Amino acid sequence: MFPELNHLLNTTPDRAEQGKLTLLCDAKTDGSFLVHHFLSFYLKANCKVCFVALIQSFSHYNIVGQKLGVSLTTARERGQLVFLEGLKSSVDVFFRSQEEPHPLQFLREANTGNLQPLFEFVREALKPGDNAEAAWRCPVLLVDDLSVLLSLGVGAVAVLDFIHYCRATVCCELKGNIVTLVHDSGDAEDEENDVLLNGLSHQSHLILRAEGLATGFCRDVHGQLRILWRRPSQLTAQRDRSLTYQYKIQDKSVSFFAKGMSPAVL
Amino acid sequence: MPRPFHLEGAEQLSVTPSESVRRGAERELEMLESLLALGGLVLLRDSVEWEGRSLLKALIKKSAACGEQVHILGCEVSEEEFREGFDSHVNSRLVYHDLFRDPLNWSKTGEALPEGPLGALRAMCRRTNPGPVTIALDSLSWLLLHLPCTTLCQTLHALSHQDSCPGNSTPVEPVHVLGLLHEELHGPGPVGALSSLAQAEVTLSGAMGQASAHILYRRPRQRPTHQTQWFSILPDFSLDLQRGPPLELQRHPDPHTPPVDPTTQLTFNLHLSKEEKEAKDSLTLPFQFSSEKQQALLRPGPSQATSRIFYEPDAYDDLDQEDPDDDLDV
């Protein structure tokens with residue numbers, strides 16, 4: 001996790017909020033550093049994490065996680081982390097008998113119906129254990145990422161339904177959190193992706209948007225991060241708050257600064 | 001002269017106030033009441049930046065305060081979250097039809113509403129008690145994504161015109177239908193279709209942290225009228241109307257980012273010392289027209305002798321002494 005990002009979001013692993021949906025989106029840049037941040041953040045916060053990783057392999061996340069101070073192997077062994085490696089298990093779908101439901105069952109169907117098997121997998125992974133095992137803080141679902149599901153033929157409404165059910169179970173029933181990444185196609189006219197992104201934005205409590213700079217690539221400023229807090233607690237009636245920062249990704253950390261205040265520029 | 005005092009949540013109906021306060025109370029009554037005065041569909045169009053659920057809840061609170069029973073078809077938030085912020089009087093008049101927990105019957109436990117979303121919507125068309133009723137749809141976007149647009153429009157039409165069903169001897173009170181629509185999720189076709197069904201359409205936007213509602217009224221047999229109202233919603237879901245857009249002069253210093261002086265940590269010097277300032281001020285610029293320069297120009301000094309042209313021809317230069325313009329017949 002990146003301490004500077006924690007400071008901007010005004011949160012620490014000890015005081016993590018519960019019952020929230022956080023939406024990460026990136027436009028013209030790679031927002032996966034946010035996924036690594038939240039993965040290590042919730043592992044350090046002693047939460048039970050279900051990670052649906054459809055983009056990279058387990059070893060990739062493990063290597064980055066070790067730079068940030070968490071070991072995914074250890075977390076998986078002691079039951080804190082449930083890892084669905086999409087790249088590997090997608091092949092298993094075709095070598096299994098059709099009666100056994102597989103989380104990525106939709107890959108096998110001609111007309112992709114819904115993501116109910118995936119939801120059942122998530123619910124099974126995060127349901128509170130019966131025995132008196134180590135009590136984890138709260139369940140967390142992490143998805144990297146949802147846009148690839150659209151590329152695999154799932155409709156935007158089906159993905160929204162999947163997140164809807166996850167929200168009902170993980171956020172409302174189990175008082176846990178959901179963090180998910182969606183790519184913003186930007187100029188490319190992708191209506192399905194826009195419906196998915198806007199639909200999720202309306203449901204989110206926190207939106208972190210990583211954008212490339214409008215002027216192009218830069219060695220010292222890698223992009224801009226917009227933070228939007230939505231749906232504040234009703235008691236305070238605080239107006240939705242929005243902040244913008246620029247960032248630079250280094251080997252083991254990310255540094256944030258106000259717009260135009262990069263140390264390289266001053 | 002009477003002293004103005006501040007409006008408190010629900011007490012605005014019974015105050016004996018000064019002019020400005022009474023005008024504010026009237027305007028609040030005007031906005032919510034005029035939206036609820038017409039029967040039929042009130043469409044609330046919101047966006048990611050300017051959300052509309054708070055205004056929906058403010059309208060629901062107003063209806064409940066007027067004694068109506070409110071039925072909510074909740075698809076997007078849980079019942080607990082929706083009821084949050086309402087007092088017990090309002091909550092007792094709310095009936096929450098839960099389409100949030102299991103709308104598509106995935107759990108197969110039988111707890112979900114039978115016949116799915118469409119069945120639940122149609123069930124609201126069949127009313128048993130003749131009293132005034134408000135139906136809130138949270139949200140129409142969810143219904144539009146899961147039902148065909150034509151079916152939804154037909155059901156909405158039936159829902160908002162229940163008072164005109166034949167064979168009903170007792171006169172029925174008009175039904176208020178409040179629908180929340182997320183504009184960005186749908187194309188212009190479905191949005192236009194829903195908008196044509198609506199008696200009043202509220203589009204939410206804002207500027208500089210202040211929300212505004214652009215209201216379009218379509219009263220029967222009258223021309224459509226527009227109204228723009230700036231407002232904010234208080235924690236107890238009562239409305240606080242503002243006079244106009246926020247003034248540009250209200251600049252709140254953001255406490256999160258302290259003003260940074262960029263000249264503090266530089267590798268070069270941006271400041272001038274006293275001697276350097278004096279030297280800079282006493283410098284005459286080369287093209288400044290001073291009196292000495294004027295005298296120099298007026299005196300025809302021996303300047304011709306000083307200006308001569310020295311020409312060294314190159315190897316490939318063609319020196320032709322003839323005047324090239326000789327053959328011109330000018």
Sole miss for B:GLU80 among (1) closer than 30 Å to A:ARG209 by Cα; (2) surrounded by 15 or more Cβ atoms within 10 Å (Cβ to Cβ) is condition (2)
Among all residue pairs at least 6 apart or on different chains, which show Cβ distances below 6 Å where the first residue, located in the range B:49-61, is closer than 11 Å to B:SER205 by Cβ and the second is of a type outside the set (Lys, Arg)? B:TRP50/B:LEU204; B:TRP50/B:SER205; B:TRP50/B:GLY206; B:TRP50/B:ALA211; B:GLY52/B:LEU44; B:GLY52/B:ASP46; B:GLY52/B:LEU180; B:GLY52/B:LEU204
Out of everything in the range A:244-262 that is part of a loop (DSSP other than H, G, I, E, B) and without any contact (Cβ under 8 Å) to a residue 24 or more places away in the chain, what residue ends up being nearest to A:GLY31 (Cα to Cα)? A:GLN250
Sole residue being at pLDDT below 90 and touching a strand residue (DSSP E or B) at 6+ places or on another chain (Cβ under 9 Å), chosen from B:LEU13, B:LEU43, B:LEU29, B:LEU35: B:LEU35
Cβ contacts < 9 Å: first residue in a strand (DSSP E or B), restricted to the range B:238-251; second residue basic (Lys, Arg) and modelled with pLDDT under 65, any location; separation 6+ or different chain. Result? B:LEU241/B:ARG27
Select from the range B:71-99 the residues that are more than 12 Å from chain A (Cβ to nearest Cβ), under 20 Å from B:GLU51 (Cβ atoms) and touching a residue at least 60 places away in the same chain (Cβ under 8 Å) and list them in ascending order. B:ILE72, B:LEU73
For B:ASP325, indicate whether it is at pLDDT 80 or above and touching a helix residue (DSSP H, G or I) at 6+ places or on another chain (Cβ under 7 Å). no
For the range A:171-184, name all the residues that are surrounded by fewer than 21 Cβ atoms within 10 Å (Cβ to Cβ) and within 10 Å of chain B (Cβ to nearest Cβ). A:CYS172, A:GLU173
Has the range A:70-87 got at least one residue that is touching a Leu at 6+ places or on another chain (Cβ under 8 Å), modelled with pLDDT under 95 and closer than 30 Å to B:LEU144 by Cβ? no
Tally up the residues in the range B:188-242 that are more than 30 Å from B:ASP87 (Cβ to Cβ) and within 14 Å of chain A (Cβ to nearest Cβ), please. 6
Would you point out the residue of the range A:156-170, among those that are β-branched (Val, Ile, Thr) and more than 7 Å from chain B (Cβ to nearest Cβ), that is surrounded by the fewest Cβ atoms within 10 Å (Cβ to Cβ)? A:THR169
Can you give me the ranges of the strands (runs of 3 or more DSSP E) entirely in the range A:70-187 with at least 3 residues that are in contact (Cβ under 8 Å) with a residue 40 or more places away in the chain and within 18 Å of the chain's Cα centre (by Cα)? A:139-144, A:177-183
Residue count, the range A:185-205, condition away from chain B (no Cβ under 11 Å) and either buried (at least 21 other Cβ atoms within 10 Å of the Cβ) or among the polar types (S, T, N, Q) (or both), comes to 2
Can you tell me how many residues within the range A:1-35 are in a helix (DSSP H, G or I) and touching a strand residue (DSSP E or B) at 6+ places or on another chain (Cβ under 9 Å)? 9
Name the pairs: first residue in the range B:305-328 and in contact (Cβ under 8 Å) with a residue 12 or more places away in the chain, second residue assigned to a loop (DSSP other than H, G, I, E, B) and surrounded by fewer than 10 Cβ atoms within 10 Å (Cβ to Cβ), Cβ to Cβ under 6 Å, at least 6 apart or on different chains? none
Looking at (1) on the phi > 0 side of the Ramachandran plot; (2) surrounded by 15 or more Cβ atoms within 10 Å (Cβ to Cβ), which one does A:LEU208 not meet, given that it meets all the others? (1)
Would it be correct to say that B:LEU216 is in contact with a helix residue (DSSP H, G or I) (Cβ under 9 Å, 6 or more places away or on another chain), under 22 Å from B:ALA58 (Cα atoms) and either part of a strand (DSSP E or B) or at pLDDT below 90 (or both)? yes
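Name the single residue, out of those in the range A:49-69 being β-branched (Val, Ile, Thr) and assigned to a helix (DSSP H, G or I), that is surrounded by the fewest Cβ atoms within 10 Å (Cβ to Cβ).
If we take residues in the range A:49-69 being β-branched (Val, Ile, Thr) and assigned to a helix (DSSP H, G or I), then A:ILE63 is surrounded by the fewest Cβ atoms within 10 Å (Cβ to Cβ).
The values are calculated or read from the model by the stated rules, or taken from the named source; none is laboratory data. Note that the coordinates shown come from a computational prediction; the quantities given were computed from them, not determined experimentally. Positions of Cβ are generated from backbone atoms using ideal geometry, with glycine treated the same way; all protein chains shown enter the neighbour counts.
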